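Every number in this text was worked out from the coordinates using simple rules, so none of it is lab data. Nothing here was measured: the structure is a model prediction, and the numbers come from that model. Please note: Cβ atoms are built from the backbone with ideal geometry, for glycine as well, and neighbour counts cover all protein chains shown.
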Amino acid sequence: MTDKIRLGFVGANVNSTWSVQSHFPALMASPDVELTAVCTTRSESAEEARQHFGAKFAFHDFREMMASPEIDAVAVVVRVPSHYEPTKAAIEAGKHVYTEWPLGRNTAEAEELAALARAKGVQTVVGLQSRVSPALLYIKELIEDGYVGDVLSCNLITMRDGSLQRPSSRNWNLDASLGANTLTIANGHVIDALRFVAGNFTRVACMVTTQIQQVYETDTKRFVEVSSPDNVRVCGQLESGAAASVHVGAVPWAGGGFRMEIYGREGTLVTTGSVSSQRGEMLRVQGAQGSPELKDLTIPERFEYVPADFPRGDPFNVGQMYALFAEAIRTGQNRLPTFDTAVDLHRFIDTIKEASDTGRELPVA
């Protein structure tokens, strides 16, 4: 293995929004990972990506890329319905693999991939970037060190922008069966952030609804039906005994972003951001102890795993992930959310959906 981890990237289209915003700038700035190979579904776009990013190899068949001895690890950054096949192929080829969240369209796919990875002994990472956010790592430490004392209650709200109209090429995620919607993605990220800092749920009562039931296609000039949920409300109790409420929604205009409040016997912690917990913006952290006034808290630099001049914004937390991914590959010690973490979250989301569908309060396994 070379000094840098040699990465093959599935989903390297230069017009891909999330990859261009986050993964590619992070990889270009990474001292630990080299973008060695790129893969798209067409040879022309693969070659375009190779030239654009300076990769050594271009593939339009991910199976051929997995067979290359020039690659140590693979990143799978494509639409959720397409996660399963390249991730499975990477594991079977003995490659370490980083797959974006959700790991699969459903829990069954995630369980199969996690079991295969354990059997093959490869390092895995799932893109739950909240778990490497310096702000949330700091909050987790503060709670564990007793800053708020016994946690009594938690409140989390995230409102993301959701378009009422779009071209047909962007309507694939309106189908709930494809596994990419507000319940799985936006809610998955932020409720995982709460679980990460404050502990897991033990029971929940939930309402999962579709408020916008039709979306207008700008190219076909027609309305299409929506089955994906766009609002998720969870009321529950954490392992600590703390009460917790979560509301995650996609709204047509001026989404209010992310706000998480942790209230304890000794103090309060609040963190806010304009988008969501997993995005690369540096979240604002405020705290109060024995006072009704919140004050800004300075996030220690020890929670940053990338160089000081690393690009801020969306590349940042993704860069944090790649830094620890390289560490896991080199040392075998994995500090990241793994495929097993993903399976646990997939199962929890299933419980949320079942609690909503049945109208019952359910225990969380």
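Computed values, structure above
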{"quantity": "Extreme residue, positive dipole direction of the stretch 217-326, given options Val248, Thr220, Leu297 (C-beta unit charges)", "calculated": "Val248"}
{"quantity": "Under Karplus coefficients 6.51, -1.76 and 1.60, residue-wise ³J(HN,Hα) of the stretch 212-219 in Hz, glycine/proline x", "calculated": "9, 9, 9, 10, 8, 8, 6, 8"}
{"quantity": "About the Cα centre, charge dipole magnitude for the stretch 100-147 (Lys/Arg +1, Asp/Glu -1 at Cβ), debye", "calculated": "160 debye"}
{"quantity": "Lysines whose Cα lies under 19 Å from that of Lys95, excluding same-chain neighbours fewer than 8 positions away", "calculated": "Lys4, Lys56, Lys120"}
{"quantity": "Nonlocal amide H pairs with Thr210, under 5 Å, H built at 1.01 Å", "calculated": "Asp230"}
{"quantity": "Rounded FRET efficiency, nearest 0.05, which uses the C-beta distance separating Gln21 from Arg222 and R0 of 25 Å", "calculated": "0.25"}
{"quantity": "Qualifying aspartates and glutamates (Cα of each under 14 Å from Cα of Lys353; at least 8 residues distant if same chain)", "calculated": "Asp230, Glu361"}
{"quantity": "Assigned charges on the beta-carbon of Lys, Arg, Asp, Glu; the chain dipole about Cα centre (debye)", "calculated": "300 debye"}
{"quantity": "Separation in nanometres of the label points that stand 7 Å from Cα toward Cβ, at Ser245 and Lys295", "calculated": "3.0 nm"}
{"quantity": "Karplus 3J(HN,Hα) series, Hz, for the stretch 60-69 with 6.51 cos²θ - 1.76 cosθ + 1.60 (x for Gly, Pro)", "calculated": "10, 10, 5, 5, 5, 5, 4, 7, 6, x"}
{"quantity": "Label assignment, Cα Rg over 2.2 N^0.38 Å derived from the structure, set (i) 1.30; (ii) 1.03; (iii) 0.99", "calculated": "(iii)"}
{"quantity": "Residue-by-residue Karplus 3J(HN,Hα) for the stretch 350-362, coefficients 6.51, -1.76, 1.60, Hz, glycine and proline x", "calculated": "4, 5, 4, 5, 5, 4, 5, 5, 9, x, 10, 6, 10"}
{"quantity": "Backbone N under 19 Å from the Asp150 label point (7 Å along Cα→Cβ), restricted to the stretch 179-214", "calculated": "198-203"}
{"quantity": "Farthest positive-ward along the stretch 143-254 dipole, Cα basis, beta-carbon charges - from Leu164, Leu152, Phe201", "calculated": "Leu164"}
{"quantity": "Per residue Cα convex hull volume in Å³ - calculated over the stretch 197-262", "calculated": "108 Å³"}
{"quantity": "The stretch 1-71: trypsin sites (Lys or Arg not before Pro) in DSSP loop, at most 15 other beta carbons within 10 Å", "calculated": "Lys4, Arg42, Lys56"}
{"quantity": "Check: the stretch 255-344 dipole with +1 on Lys, Arg Cβ and -1 on Asp, Glu Cβ, in debye", "calculated": "20 debye"}
{"quantity": "For the stretch 282-358, convex hull of alpha carbons as volume per residue, Å³", "calculated": "182 Å³"}
{"quantity": "Long-range HN-HN contacts of Phe9 with modeled amide H, under 5 Å", "calculated": "Ala37, Val38, Cys39, Ala75"}
